[in-house]
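*Asks:* Here's a structure for you.
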Amino acid sequence: MKPMLTALLAATLIAPSAVSYAQPPETAAAAIAFDKHAAQLVDLLAGRIAYADYFDPSFQTAVPEAQFQAITASLIAQYGPPVAVDSATSANGRAGTVMLRFEKGVGTIALEVGAGEGARVTGLRITGFTMAGDSFDRVTSEIAALPGATGFLVAELDGATIRPIAATQPDRQFAIGSTFKLYILDELAAQVAAGQRKWSDVVPLSHFSFSSSATGNWPKDTPVTLQTLANWMISVSDNGATDTLIHLLGRERIEARMRGTGHSDPSRNIPFLTTVEAFALKGDNFAAERTAFVAADDKAQRKLIETNKDRLTLANVDGVSFSGGPRFIHSLEWFASPTDIARAFIDLRARQSDTTMAAMAINNGVGPGAAKGWSYLGYKGGSELGVLSMSLLGQREADGKWVVVTMSWNNPDAAVSTETIAGLVTRLLALAAK
């Protein structure tokens with residue numbers, strides 16, 4: 001239910017500014033620092049340069065050393081050890097792109113160096129990866145080897161027809177985390193199309209939830225537009241925006257929209273829980289209610305939620321419960337198969353709403369490098385301990401065809417790796433672009 005991380009390494013990366021043809025001395029010095037740090041990447045990832053010597057304190061705060069080392073290990077496990085820097089280019093002497101060759105392919109890295117003498121790296125992010133001799137069969141075998149349960153679908157869309165290109169367990173139900181928010185966006189777009197609402201309508205921010213990256217600590221009833229709520233909900237997976245929209249649009253109407261898309265097992269998501277309801281029921285403060293909820297049918301579950309609506313609030317969410325391992329991901333979550341997600345994208349595109357498509361494209365989930373070959377790329381991901389889901393809707397530049405790339409990974413016994421699924425989905429996307 002947390003926002004999906006959209007890059008394998010992230011910190012305070014700033015985009016390069018325009019080219020400066022006459023470089024002052026300080027810019028020339030920065031360029032030397034950029035080239036130096038770019039050349040050190042192989043040694044850094046191989047552990048021959050100390051993390052604290054390479055990165056600025058701002059980066060160390062954003063990405064602690066233990067996290068960086070875990071990400072590095074995951075990269076090497078997938079792509080082999082780093083071999084050489086193929087090229088390093090900078091438009092302004094401080095920020096630029098490094099092509100770093102690994103044993104199994106080439107990574108595109110956005111690198112930024114701070115100002116001043118002895119400057120260290122303030123931003124490092126992998127924005128794309130090209131595998132040597134990659135194939136759908138190769139990615140499929142790697143996905144199959146992951147612990148837990150996995151499913152994915154790469155398919156072309158021809159109107160409402162789904163034409164699979166590659167898939168594993170595309171019809172199996174998986175916990176999908178915040179990917180369920182696509183159904184809320186679909187219902188909002190449908191109500192706008194029907195003339196019942198406008199994107200510019202101003203409504204109060206009425207409901208708050210756990211892990212809200214945009215609306216956290218905002219005053220209750222802050223006026224916001226529906227378009228703003230939609231953008232927050234999709235681009236940063238804000239849970240406060242999500243719950244406000246569920247209460248505004250109507251739980252039952254969202255359920256009907258989900259059924260209308262062709263969801264293969266809609267009862268798994270009925271009643272359609274708000275994020276705070278799900279968080280509360282997963283926590284230890286509602287153990288008895290959770291047991292009753294999981295054992296009940298849809299009607300009884302809806303009654304339990306209604307009866308406890310004044311208790312299932314953010315104030316009663318037991319956040320401590322979420323510091324351990326995965327919690328009830330097979331019984332208390334939001335569920336969809338890869339094919340169901342493809343159907344949701346079909347319905348969203350059928351709205352013919354520029355605002356809806358723009359909301360999905362704010363954060364494309366994979367970075368600018370991986371977007372090569374796509375004229376449009378929309379995204380929604382979802383995550384909690386033991387659950388990861390990444391889903392993209394793209395229009396291929398080569399032929400204008402629409403394509404869905406979606407993958408879900410569940411493991412009730414342990415957390416699953418964001419870096420691993422991001423790498424696999426990025427590779428599927430690159431193959432689909434061809």
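*Asks:* Applying the selection to the range 34-53, what residues are within 20 Å of Asn92 (Cα to Cα), in contact (Cβ under 8 Å) with a residue 12 or more places away in the chain and not in a loop (DSSP other than H, G, I, E, B)?
*Replies:* Selection gives Phe34, Asp35, His37, Ala38, Ala39, Leu41.
*Asks:* Being closer than 18 Å to Ile234 by Cβ and either of a type in the set (Lys, Arg) or open to solvent by 10 Å² or more (accessible area, probe 1.4 Å) (or both) narrows it down to one residue among Ala398, Ala361; which is it?
*Replies:* Within the list Ala398, Ala361, the selection yields Ala361.
*Asks:* Here is a follow-up. Taking interchain pairs and intrachain pairs at least six residues apart, which have beta carbon atoms under 8 angstrom, with the first residue in the range 82-108 and farther than 19 Å from Gly118 by Cα and the second open to solvent by less than 40 Å² (accessible area, probe 1.4 Å) and part of a loop (DSSP other than H, G, I, E, B)?
*Replies:* If the second residue must be open to solvent by less than 40 Å² (accessible area, probe 1.4 Å) and part of a loop (DSSP other than H, G, I, E, B), the pairs left are Phe102/Gly80; Glu103/Gly80; Lys104/Gly80; Gly105/Asp134.
*Asks:* Do you know which residues across the range 234-281 are open to solvent by 10 Å² or more (accessible area, probe 1.4 Å), among the hydroxyl-bearing types (Ser, Thr, Tyr) and closer than 24 Å to Lys220 by Cβ?
*Replies:* Ser235
*Asks:* Please name all residue pairs, on different chains or six or more residues apart, with Cβ atoms under 8 Å, provided the first residue is in the range 205-230 and is more than 19 Å from Asn363 (Cα to Cα) and the second residue is at pLDDT below 95 and of a type in the set (Lys, Arg).
*Replies:* Short answer, once both residue conditions are applied: Leu205/Lys220; Ser206/Lys220; Phe208/Lys220.
*Asks:* What number goes with the only condition from (1) open to solvent by less than 10 Å² (accessible area, probe 1.4 Å); (2) in contact (Cβ under 8 Å) with a residue 60 or more places away in the chain; (3) over 24 Å from Leu281 (Cα atoms); (4) not in a loop (DSSP other than H, G, I, E, B) that Glu419 does not pass?
*Replies:* Glu419 satisfies all of (1) open to solvent by less than 10 Å² (accessible area, probe 1.4 Å); (2) in contact (Cβ under 8 Å) with a residue 60 or more places away in the chain; (3) over 24 Å from Leu281 (Cα atoms); (4) not in a loop (DSSP other than H, G, I, E, B) except (1).
*Asks:* Let me ask another. Can you name the residue in the range 63-105 that is open to solvent by less than 50 Å² (accessible area, probe 1.4 Å), in a helix (DSSP H, G or I) and not hydroxyl-bearing (Ser, Thr, Tyr) and is also modelled with the highest pLDDT among such residues?
*Replies:* It comes out as Phe68.
*Asks:* Report, by residue number, each residue of the range 283-338 that is free of Cβ contacts under 8 Å to residues at least 12 places away in the same chain and surrounded by 14 or more Cβ atoms within 10 Å (Cβ to Cβ).
*Replies:* The answer is none; no residue qualifies.
*Asks:* From Asp43, Asp35, Asp53, grab the single residue that is acidic (Asp, Glu), open to solvent by less than 60 Å² (accessible area, probe 1.4 Å) and more than 30 Å from Leu429 (Cβ to Cβ).
*Replies:* On inspection, the qualifying residue turns out to be Asp43.
*Asks:* Related question: Inspect all residues belonging to the range 367-374 and state whether any of them is within 28 Å of Pro326 (Cβ to Cβ), touching a residue at least 12 places away in the same chain (Cβ under 8 Å), in a loop (DSSP other than H, G, I, E, B) and within 15 Å of the chain's Cα centre (by Cα).
*Replies:* yes
*Asks:* Select, from Leu431, Leu392, Leu377, the only residue that is in contact (Cβ under 8 Å) with a residue 12 or more places away in the chain, open to solvent by less than 10 Å² (accessible area, probe 1.4 Å) and hydrophobic (A, V, I, L, M, F, W, C).
*Replies:* Going through Leu431, Leu392, Leu377 in turn, the sole match is Leu392.
*Asks:* Given Gly386, Gly373, which one is under 30 Å from Ala73 (Cα atoms) and touching an Asp or Glu at 6+ places or on another chain (Cβ under 7 Å)?
*Replies:* Unique residue meeting the criteria: Gly373.
The values are calculated or read from the model by the stated rules, or taken from the named source; none is laboratory data. Keep in mind the model is a prediction, meaning the values are calculated, not measured. All Cβ positions, glycine included, derive from the backbone under ideal geometry; neighbour counts span all protein chains shown. Ligands, DNA and RNA are stripped out before the accessible areas are found, and what is left, the full protein with its side chains, is counted by its heavy atoms. Shrake-Rupley method; radii C 1.70, N 1.55, O 1.52, S 1.80 Å.
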